[in-house]
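Asker: This structure is in structure tokens; I'll ask about it shortly.
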Amino acid sequence: MRYLPLLAAGATLLAPAAALAHPHIFAEARLEVVAGDDGMISELRNVWRFDEMFSASVVMDFDKNSNAELDPGELAEVGKTVLESLEEFGYYTTITEDGRAIKVAKPDVINVDYKDGQLLMFFTVKPGEAMPLKGKLTFGVYDPTMYASMDFSSDDDLVAVGDKFAACKHAVVRPDADEVLAQNQDKLTDAFFNDPTGTDMTKLFATRLEVTC
């Protein structure tokens with residue numbers, strides 16, 4: 001048994017390791033990729049809205065004064081917990097430059113709100129190294145354990161922000177799961193499905209923004 005990485009210190013939802021290849025938590029995501037006037041990727045802005053069941057479990061865990069709400073201090077504690085627990089997962093934010101993975105820097109804060117029965121998180125991350133608008137770049141959000149499904153409801157939820165992007169081609173790519181499986185049969189072994197945290201192959205299934213400059 002293991003705690004969900006998203007809220008390692010507080011979530012009540014538990015799952016057998018063998019079940020990690022199946023999403024148990026669902027979130028609608030928005031990602032804005034920002035380029036500065038210097039032609040460099042300056043930051044990535046994340047917004048996540050979680051399903052009501054998971055949101056209710058977080059309220060149950062962090063509602064210390066038992067008023068069935070998350071007060072400002074409790075919301076801050078949720079954000080602090082996620083800030084620490086998602087560091088090893090790169091805050092579910094994936095970047096590549098000509099196929100090479102680019103790590104993200106730890107954000108200063110993860111802001112949390114609770115509205116209409118749903119937990120909302122928004123935060124900004126920056127590439128861990130200088131990243132010019134050059135070559136083929138990809139940006140996405142996914143959980144490498146496949147425990148949480150991070151879904152972009154519309155292609156408009158993956159956005160390139162900044163005048164410098166005008167010189168690049170960019171498109172939202174939504175991989176077909178059957179095609180990914182067919183094209184990677186020799187790589188997607190039983191070990192992948194039983195222990196997805198031990199491989200980065202899950203990113204093949206992730207919706208992403210592809211930019212070519």
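Asker: If I filter the range 132-158 down to residues being of a type in the set (A, V, I, L, M, F, W, C) and under 27 Å from S85 (Cβ atoms), which single residue comes out as most open to solvent (accessible area, probe 1.4 Å)?
Answerer: Only one residue tops the list, namely M146.
Asker: Going through the range 167-211 one residue at a time, which ones are at pLDDT 95 or above and open to solvent by 70 Å² or more (accessible area, probe 1.4 Å)?
Answerer: Listed by number, the list holds a single entry, K169.
Asker: I'm trying to understand the selection: among the residues of the range 129-151, which are at pLDDT below 95 and assigned to a loop (DSSP other than H, G, I, E, B)?
Answerer: Y142, D143, P144, T145, M146, Y147, listed by residue number.
Asker: Which of the residues belonging to the range 93-111 are part of a strand (DSSP E or B), within 20 Å of Y142 (Cβ to Cβ) and touching a residue at least 12 places away in the same chain (Cβ under 8 Å)? Give the steps one after another, and end with the answer.
Answerer: Quick first cut of the range 93-111, residues part of a strand (DSSP E or B) only: 93-97, 100-102, 104, 111.
Those still in the list that are within 20 Å of Y142 (Cβ to Cβ) too: 93-97, 100-102, 104.
Result: T93, T94, I95, T96, E97, A101, I102, V104.
Asker: Considering K106, K64, which residue is farther than 27 Å from A160 by Cβ, open to solvent by 20 Å² or more (accessible area, probe 1.4 Å), touching an Asp or Glu at 6+ places or on another chain (Cβ under 7 Å) and of a type in the set (K, R)? Working first, answer last.
Answerer: Numbers: K106 fails: farther than 27 Å from A160 by Cβ.
Just one listed residue meets the conditions, K64.
Asker: Note down all Cβ pairs under 6 Å where the first residue falls in the range 51-77 and is farther than 14 Å from D116 by Cβ, the second is open to solvent by 40 Å² or more (accessible area, probe 1.4 Å) and of a type in the set (D, E), and they're at least six residues apart or on different chains.
Answerer: Note: pairs meeting the criteria are F62/E77.
Asker: Hey, among S42, S55, which residue is modelled with pLDDT of 90 or more, part of a helix (DSSP H, G or I) and in contact with a strand residue (DSSP E or B) (Cβ under 6 Å, 6 or more places away or on another chain)?
Answerer: S55
Asker: Moving on to the next point. In this structure, is Y114 part of a helix (DSSP H, G or I), surrounded by 15 or more Cβ atoms within 10 Å (Cβ to Cβ) and among the hydroxyl-bearing types (S, T, Y)? Show your work before the answer.
Answerer: On the way: part of a helix (DSSP H, G or I): no; surrounded by 15 or more Cβ atoms within 10 Å (Cβ to Cβ): yes; among the hydroxyl-bearing types (S, T, Y): yes.
Considered against the rule, which asks whether it is part of a helix (DSSP H, G or I), surrounded by 15 or more Cβ atoms within 10 Å (Cβ to Cβ) and among the hydroxyl-bearing types (S, T, Y), Y114 comes out as no.
Asker: Related question: When the residues of the range 37-61 are filtered to those that are farther than 17 Å from G79 by Cα and open to solvent by less than 20 Å² (accessible area, probe 1.4 Å), which remaining residue is nearest to the chain's Cα centre (by Cα)?
Answerer: Looking at the filtered set, the residue picked out is L44.
Asker: Let me ask you something else. Only one of A27, A76 is at pLDDT 85 or above, under 16 Å from V141 (Cα atoms) and not hydroxyl-bearing (S, T, Y). Can you tell me which?
Answerer: Unique residue meeting the criteria: A27.
The values are calculated or read from the model by the stated rules, or taken from the named source; none is laboratory data. Keep in mind that this is a model prediction, so the values were computed, not measured. Note: ideal-geometry Cβ built from the backbone for every residue, glycine included; neighbour counts use all protein chains shown. Ligands, DNA and RNA are stripped out before the accessible areas are found, and what is left, the full protein with its side chains, is counted by its heavy atoms. Shrake-Rupley method; radii C 1.70, N 1.55, O 1.52, S 1.80 Å.
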